[in-house]
1. Could you provide, to the nearest whole Å², the per residue accessible area of the chain with probe 1.4 Å?
2. Counting only residues 5 or more places away or on other chains, whose amide H sits under 5 Å from the amide H of Ser118 once H atoms are built in the peptide plane?
3. Where does each of 4-12, 129-137 land if you order them by average Cβ count within 10 Å, highest first?
4. Got a sec to turn the phi values of the stretch 121-133 into Karplus ³J(HN,Hα) couplings, 6.51 cos²θ - 1.76 cosθ + 1.60 with θ = phi - 60°, whole Hz, x for Gly and Pro?
5. Using heavy-atom solvent-accessible surface (probe 1.4 Å) with all chains present, what is the largest-first order of Arg166, Arg41?
6. Each residue of the stretch 88-94 in turn: what ³J(HN,Hα) in whole Hz from Karplus with 6.51, -1.76, 1.60 and θ = phi - 60°, glycine and Pro shown as x?
7. Around Val15, which amide H atoms from residues at least 5 apart in sequence, or from another chain, sit under 5 Å from its own amide H, with H modelled in the peptide plane?
8. For the stretch 102-208, with only Lys/Arg (+1) and Asp/Glu (-1) charged at the beta-carbon, what is the dipole magnitude about the Cα centre, in debye rounded to 20?
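The values are calculated or read from the model by the stated rules, or taken from the named source; none is laboratory data. Here the structure is a predicted model, which is why all the values come from computation and not from measurement. Cβ placement follows ideal geometry from the backbone for every residue including glycine, while neighbour counts extend to all protein chains displayed. With ligands, DNA and RNA removed, areas are computed over all heavy atoms of the protein, side chains included. Shrake-Rupley method; radii C 1.70, N 1.55, O 1.52, S 1.80 Å.
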Amino acid sequence: MTDTTVVHLVRHGEVHNPQGVLYGRLPDYHLSELGRQMADRVAEHLADRDITYVVASPLERAQETAEPTAKSHGLTVAVDERLIEADNIFEGKTFGVGDGSLRNPRYWKYLVNPLRPSWGEPYVELAVRMMGALAGARDAARGHEAVCVSHQLPIWIARSFAEKRRLWHDPRKRQCSLASLTSFTYEGDKLVSVGYREPARDLLPAHLLGKGSKGDKPVGKSFGA
């Protein structure tokens, strides 16, 4: 009989970031109070699941999101560097229409190739490390379920790669809201389906609703047995 294993890729909750910078891999960015509520909501959603392994990016916001789920299952949070946020040249800067970063000619050379992308970690390299992290979590929870807390872009690239879609994309159309679950189901070592849920949808700020959000319904591509 083939073992079924489910690996849930969880995006961290809302971060306290009053300056609105692209915090990337910078330290000392923690969950906001709303973000902690989102982390608790994820733990409630997974309370009855057969979770035997919880792992997170080394960044504080991911560790803090993972902690309630780990605690509810009597586990400790492991660390996997492969789950970290994507590297980005604009880290620590604001990045929006009309701000200083995009208006400064010194940064224009980083915007020439959105397909790679030229401003940060190549999508292919991101896909490789994320699929490696998924495989590691699958092996650690063989026959059960695992939770991996990561970040929006790495999660979206992992899903796109698994579903055999192109890796370059419009960031505004990522289906990966705060505290969402992108779940990968394996039969043995073979990935057979990908699903998506938003257990904290009702906690999302109004301006984030409708951006690729489908609510708390399993969606995604099935690969067959």
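1. Working: 10980 Å² over 225 residues.
About 49 Å² of surface per residue is accessible.
2. Asn113
3. Peptide ranking by packing, descending: 4-12, 129-137.
4. Using θ = phi - 60°, the values come out as 4, x, 4, 5, 5, 5, 4, 4, 5, 5, 5, x, 5 Hz.
5. Numbers: Arg166 150, Arg41 65 Å².
Sorted by accessible area, descending: Arg166, Arg41.
6. 8, 5, 8, 4, x, 10, 7
7. Hits under the 5 Å cutoff: Ser32.
8. Values: 17 positive and 10 negative charges, 115 e Å.
The calculated dipole for the stretch 102-208 is roughly 560 debye.
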